[in-house]
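The values are calculated or read from the model by the stated rules, or taken from the named source; none is laboratory data. These numbers were taken from a predicted model, which means no experiment stands behind them. Cβ sites come from the backbone with ideal geometry, for glycine too, and all protein chains shown count toward neighbours.
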Amino acid sequence: MSALPVPPLVDQHCHGVVRGDPDDDLFASFLTESDLPAADGTSFFDTQLGFAVRRWCPPLLDLEPHCPPARYLDRRRELGGAEATRRLLGACGIADYVVDTGLGRPGELLAPRELAAAAGGAGSHEVVRLERLAEGLADRAGGLSSFLDELATGVPAAARTAVAFKSVIAYRHGLDFAPEPPAPAEVRRAADRWLVGRAPGDRLTDPVLMRHLLWSAAETALPVQLHTGFGDPDLRLHRCDPLLLTDFARAVRPTGCALVLLHGYPFHRGAGYLAHAFPHVYADVGLALTHTGARAGAVLAEMLELAPFDKLMFSTDAYGLPELYVVGAELFRRGLSRLLTGWVDEGAWSSGDAERVAAMVAAGTARRVYGLAPGDGASASFG
């Protein structure tokens, strides 16, 4: 079959990119989930992600594919950070960015509208990180009662402008939390413990307060994104298996809130099962595809084994570098193209169904879940 026409992508979970020109060490730090430098004599460019960056990004900066890292970084500096970002984002084919604004220091990253403008006028939509919201309220609160009052109004207020909430309870505690909402007295005691002796900027790690935030967000009926699976060493991977959310998914369903399970790898098949078992659970394919590089198609195939096709969404989880948007989009397009074209060619799928599923995963489901307007961009093709 010929290449599959698909709409411009909706990146349903991503972050801003750094302002200016990252130095070589900062650039390399975005190629790994490790929070430490590479071992002596090694490079983070020698990874599936590093090779993918060298394959897909150099031509956008007038270089040959697979050019040496030093030459690529030199060329990036020649162009300047703003021009490199404009070229790279402009080539991604992403029509809308759904941006988690809870990562990075203030002013360090491009804001959602700046990110979209650098991409040539794409749409931008904010995801509010619950823990960051509570931390900001605690920084300004005059005491326990003031904090609880601000928390009670702060989540509904954020829901008026955001398209979703996100929680990193997987990082701060683990997904093996009690599924039911905590009682008001329990919340009050937890808030009192947290606020006593707290310095401005201290992170929220109390599982009771994070459960309270999750349920407060669910009651707004906006989608709630949850980190699952791998990430930096701040988490404990065995406590990030999305299957640990089974009881919470069951308990939260009456609120009408959609749960979006992010990343998943290496537990992505479990995320696919939850999307299969619960009508309000969705999963994305972000981050895992970027880091698995040439093996991205295999990971995507495993996600498509059990997850209903209209419950799976594209994302990059790009953070810091515009290159990560390029790689995420390119690996997704090519991986899905090979899979669906192969299934059509062997007679397992019809070409019409393949085109319909490609459009859902690329953009249609995200537009439905987050209430985004239909895209106006022209169709693009895989391959």
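Here segment 165-205 is the region considered, the condition is being touching an Asp or Glu at 6+ places or on another chain (Cβ under 6 Å) and in a helix (DSSP H, G or I), and the residue that is nearest to Glu33 (Cα to Cα) is Tyr171.
Here segment 110-127 is the region considered, the condition is being aliphatic (A, V, I, L, M), closer than 19 Å to Lys166 by Cβ and surrounded by 17 or more Cβ atoms within 10 Å (Cβ to Cβ), and the residue that is modelled with the highest pLDDT is Val127. Note on segment 85-109: among residues that are hydrophobic (A, V, I, L, M, F, W, C) and surrounded by fewer than 22 Cβ atoms within 10 Å (Cβ to Cβ), the one that is nearest to the chain's Cα centre (by Cα) is Leu103. Restricting Ala318, Ala296, Ala329 to residues that are assigned to a helix (DSSP H, G or I), surrounded by 24 or more Cβ atoms within 10 Å (Cβ to Cβ) and in contact with a helix residue (DSSP H, G or I) (Cβ under 8 Å, 6 or more places away or on another chain) narrows the list to Ala296. If you go through segment 223-259 and keep only what is of a type in the set (Val, Ile, Thr) and either without any contact (Cβ under 8 Å) to a residue 24 or more places away in the chain or touching a Ser or Thr at 6+ places or on another chain (Cβ under 9 Å) (or both), you end up with Val224, Thr255. Restricting attention to segment 40-54, does a residue exist that is closer than 22 Å to Ala294 by Cα, surrounded by 14 or more Cβ atoms within 10 Å (Cβ to Cβ), touching a residue at least 12 places away in the same chain (Cβ under 8 Å) and of a type in the set (D, E, K, R)? Yes: segment 40-54 contains one or more residues that are closer than 22 Å to Ala294 by Cα, surrounded by 14 or more Cβ atoms within 10 Å (Cβ to Cβ), touching a residue at least 12 places away in the same chain (Cβ under 8 Å) and of a type in the set (D, E, K, R).
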